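Input: one structure, supplied below.
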Amino acid sequence: MHDQNEAVVILRELLKWNVVTSYGHVQETLARVLAKPSDRLVYHLSDGTRSGLSISEESGVNNAIISGLQSKWTKMGLMKKGAKGYERQFDLADFDLETPDAAILKAAKATKKKGQA
């Protein structure tokens with residue numbers, strides 16, 4: 001029993017140092033990979049409870065694009081596939097990254113489409 005308690009203490013200490021030493025790298029990776037506001041919104045909405053179709057409706061991003069992004073982010077370790085949907089592994093706010101407003105993004109897309117028509 002004593003060995004198990006000691007192992008838990010050691011694991012907690014390792015976790016503490018791992019978080020500290022990884023923070024900058026994770027922040028840099030998220031900022032680089034999620035450079036586009038639409039990608040940040042899709043990542044944020046991927047909370048494990050929403051389907052790709054639901055995220056598409058809320059964000060205005062094509063469902064096929066969402067599927068590709070989620071697959072890519074899963075391979076990178078930024079997301080995992082759960083029973084109900086894909087789930088982000090990090091909260092953008094924890095890394096000082098803004099989550100775009102879905103309504104503003106959709107309005108901007110609609111305006112851009114009208115300008116192209």
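Values quoted throughout were computed directly from the atomic coordinates according to the rules given, and no laboratory measurement underlies them. On a predicted model such as this, the values are computed, not experimentally measured, just so you know. Neighbour counts run over all protein chains shown; Cβ positions are idealised from the backbone, glycine included.
Residues that are surrounded by fewer than 16 Cβ atoms within 10 Å (Cβ to Cβ), at least 3 per element: which helices (runs of 4 or more DSSP H) completely within the stretch 1-104 meet that?
Qualifying helices (runs of 4 or more DSSP H): 2-33, 52-59, 63-76.
For the stretch 21-55, enumerate the residues that are under 18 Å from residue 97 (Cα atoms) and either charged (D, E, K, R) or more than 17 Å from the chain's Cα centre (by Cα) (or both).
Going residue by residue through the stretch 21-55, those that are under 18 Å from residue 97 (Cα atoms) are 22-47.
Of everything in the stretch 21-55, those that are under 18 Å from residue 97 (Cα atoms) and either charged (D, E, K, R) or more than 17 Å from the chain's Cα centre (by Cα) (or both) turn out to be 28, 32, 36, 39, 40, 47.
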